[in-house]
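One structure is given below, encoded as structure tokens.
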Amino acid sequence: MTHNSVGKPALIPVCIFPLTGLCSRAYIAAMLDVRTVRKQLDATQAELGEMLGVNQSTISRLETGELEIDPRTRLALEALIARKSIRTQSAAA
């Protein structure tokens, strides 16, 4: 896995549907950074927690690396990013 100068996994966008902007699971798997996803969604920790059905403290622990991202959370994050991508493209059309 590629890391940046701070030792965090580097962002590697891999769009499998370039016309729709939907990115593949490789993007999320390489990202492993809940804070980046949250900021991309323009959400607070509490708002992202509500979207995922978890407490704000869980989001905080995921962002600091205290908790690992489980498969259900990873899938939900992928869905949120895909939904935002679709909404952004619909608004631009």
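The values are calculated or read from the model by the stated rules, or taken from the named source; none is laboratory data. Since we're looking at a predicted model, the values are computed, not measured.
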When every residue in region 28-49 that is among the acidic types (Asp, Glu) and modelled with pLDDT of 90 or more is compared, the one nearest to the chain's Cα centre (by Cα) is 42
Yes or no: residue 57 among the small types (Gly, Ala, Ser) and at pLDDT 90 or above? yes
